[in-house]
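Take a look at the structure below.
The values are calculated or read from the model by the stated rules, or taken from the named source; none is laboratory data. Predicted, not measured: the structure shown is a model, and the values here were computed from it. For neighbour counting, all protein chains shown are included, and Cβ atoms are generated from backbone atoms with ideal geometry for every residue, glycine included. SASA here: full protein model, heavy atoms, side chains in, ligands and nucleic acids out. Shrake-Rupley method; radii C 1.70, N 1.55, O 1.52, S 1.80 Å.
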Amino acid sequence: MRQYVLQLAGRAGPGGALRAADVARLCTAVQTLVYRLYRHATEELDRGRQPQAVEQLSALGVHMPDEGTVVFRVGEEGVLDLDPLAEQVDAHAWRLLQGLAAGERPPGTPATVADAVAALLRALTRAATGATVTIPGHGEVRLATGHLAREPWERRAPKDLRTVVGELQMADLRSDRCRVVDADGHVIELHDVRGITEAARLVGAQVQATGWFTEQLHGRGRLDVIGTVTPAAEQDSLPWNDPS
């Protein structure tokens, strides 16, 4: 029976202890991820395994040899002696952990698996400042939890075609990005701006730009610009929630 080993450093509990709530979140996150990796493996290989068999293969046992180490034993002991999906699941888990460390989502990662990685990321961040995860047959990955990127694993917000109008407050010549603040104080980051040098001359003026808009948190938004940023005529001004 193989094991995934999680070692935590800089634990967030009193006196550097591992809090019970953190252990519970980590166990749930790891179990969910392992189950979804097995489910994806069965679908990818078209083996048509029944949910009960997948649950048996992916079931985790847990023990803690010391306060900072959580060991997950994979599979129900005594039920299945041979795991035909172990190699594939471990290889996929290894790619995901490497992607987590690099801030990149491996190509072809299903949305359900990415959701599970995002949940594990949140659990790790709450539990400790650092983690080392060992995958059997592959090695270990070290993670600085405070520097892990969430964006690659989160579901993409829907986009719509929109024209935004507001004061141009910043233009970055190196990244082809601008920042606009509309009349209601909403901040919109403009990406992939063509003619960024010309746009920079409009800093402080009212401008408009059209592109694919994504609403973000805290009254912010992102616009992937189609074309250029131009001076705004008063009659062209559009409200924040007008998708036309």
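For segment 142-192, enumerate the residues that are over 27 Å from the mean Cα position of the chain (by Cα) and within 11 Å of L223 (Cα to Cα).
Matches in segment 142-192: T163, V164.
Please go through segment 147-164 and give me each residue that is farther than 30 Å from L100 by Cα, of a type in the set (A, V, I, L, M, F, W, C) and crowded, with 16+ Cβ neighbours inside 10 Å, ordered by number.
To start, the set of residues in segment 147-164 that are farther than 30 Å from L100 by Cα comprises 161-164.
This time we only want the ones that are of a type in the set (A, V, I, L, M, F, W, C), so: 161, 164.
The one that is farther than 30 Å from L100 by Cα, of a type in the set (A, V, I, L, M, F, W, C) and crowded, with 16+ Cβ neighbours inside 10 Å: V164.
Output the residues belonging to segment 121-144 that are assigned to a helix (DSSP H, G or I) and either closer than 16 Å to T69 by Cα or without any contact (Cβ under 8 Å) to a residue 12 or more places away in the chain (or both).
First, pick out the residues of segment 121-144 that are assigned to a helix (DSSP H, G or I): 121-127.
Hits for segment 121-144 are A123, L124, T125, R126, A127.
Being part of a helix (DSSP H, G or I) and either at pLDDT below 95 or in contact with a strand residue (DSSP E or B) (Cβ under 7 Å, 6 or more places away or on another chain) (or both) is true for just one of T32, T112. Which residue is that?
One residue alone meets the criteria, T112.
Those residues that are assigned to a loop (DSSP other than H, G, I, E, B), touching a strand residue (DSSP E or B) at 6+ places or on another chain (Cβ under 8 Å) and open to solvent by 70 Å² or more (accessible area, probe 1.4 Å), I need them from segment 201-229; list them, please. Steps first, please.
Taking segment 201-229 and keeping what is assigned to a loop (DSSP other than H, G, I, E, B), we get 201-205, 216-219, 226-227, 229.
Subset that is touching a strand residue (DSSP E or B) at 6+ places or on another chain (Cβ under 8 Å): 202-205, 216, 219, 226-227, 229.
Listed by number, the residues that qualify are V203, Q216, I226.
When segment 165-192 is examined, which residues are found to be open to solvent by 60 Å² or more (accessible area, probe 1.4 Å) and not in a loop (DSSP other than H, G, I, E, B)?
Listed by number, the residues that qualify are E167, Q169, R177, R179.
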